[in-house]
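A short write-up of the structure that comes next.
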Amino acid sequence: MRAELLERWNDPQRRYHNETHLRAVLQAIDALEADGESFDGTEVRLAAWFHTAVFDPTESENNEKSAVWTEQRLDPAAPVEEVARLVRLMGGHRVEAGDLNGSVLSDADLAVLGSDPETYDAYTHDVRHEFAHVPGERFVAGRIAALEGLIERRSVYLTRAGRDAWEKQAHANLNRELGLLRAGLGED
């Protein structure tokens, strides 16, 4: 199963949602765990491996398709139901209060937003590359809406450790990108 997942993560069409991203998510999970966050490490790590097992940048249901694929492929002895639920959550990062597993996976998946500006810029470049099929103005409008949605949340990160580690830099990165996108559209 690991080899098959790595093959999927290393599909040539993936520029951001690739093995490098998977490794970064797993490292962020480790960091959150080391900082005292409470969650089921097995379930969350399995969900990280499966969260974009199916990825087609021209489709909008990648997380649902990944969850279904997880349900079909994951060993029945594993926590299939919880892993698939977590995979589905990553579609919009809409995690209910008190969902420790969902909070940790969401924060780990979004950790890149709180990275140094150079890493963040590489992330935005790679995301744009994956969605090169989307015309420029439509991509920018969608990206602005996504960034505004993140900024408008009470916090980008749901765990205390995530907020402590990444929140300030995430807001700096998101606001900087938002400014650049708006300037490109002639907005002020």
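The values are calculated or read from the model by the stated rules, or taken from the named source; none is laboratory data. From a predicted model like this one, the values you see are computed outputs, not experimental measurements. So basically every Cβ, Gly included, is an ideal-geometry build from the backbone, and we count neighbours across all protein chains shown. With ligands, DNA and RNA removed, areas are computed over all heavy atoms of the protein, side chains included. Shrake-Rupley method; radii C 1.70, N 1.55, O 1.52, S 1.80 Å.
For this structure, a couple of remarks:
- Of all residues making up region 109-143, the number that are assigned to a helix (DSSP H, G or I), open to solvent by less than 40 Å² (accessible area, probe 1.4 Å) and touching a residue at least 24 places away in the same chain (Cβ under 8 Å): 14
- All positions within region 150-177 that are part of a loop (DSSP other than H, G, I, E, B), touching a residue at least 60 places away in the same chain (Cβ under 8 Å) and among the aliphatic types (A, V, I, L, M): Leu158
- Taking residues in region 2-16 that are closer than 17 Å to Val127 by Cβ and touching a residue at least 12 places away in the same chain (Cβ under 8 Å), and partners anywhere that are open to solvent by 60 Å² or more (accessible area, probe 1.4 Å) and not aliphatic (A, V, I, L, M), the pairs with Cβ atoms closer than 6 Å and at least 6 places apart or on different chains are Arg15/His129.
- Test: residue in region 75-82 that is part of a helix (DSSP H, G or I), open to solvent by less than 70 Å² (accessible area, probe 1.4 Å) and closer than 22 Å to Asp164 by Cβ: no
- Hits in region 126-151 (condition: β-branched (Val, Ile, Thr) and within 15 Å of the chain's Cα centre (by Cα)): Val127
- Any chance Ala77 is more than 17 Å from Leu5 (Cβ to Cβ) and at pLDDT below 95: no
- Flag for Thr159 being of a type in the set (S, T, N, Q) and either closer than 18 Å to Gly91 by Cα or in contact with a helix residue (DSSP H, G or I) (Cβ under 6 Å, 6 or more places away or on another chain) (or both): yes
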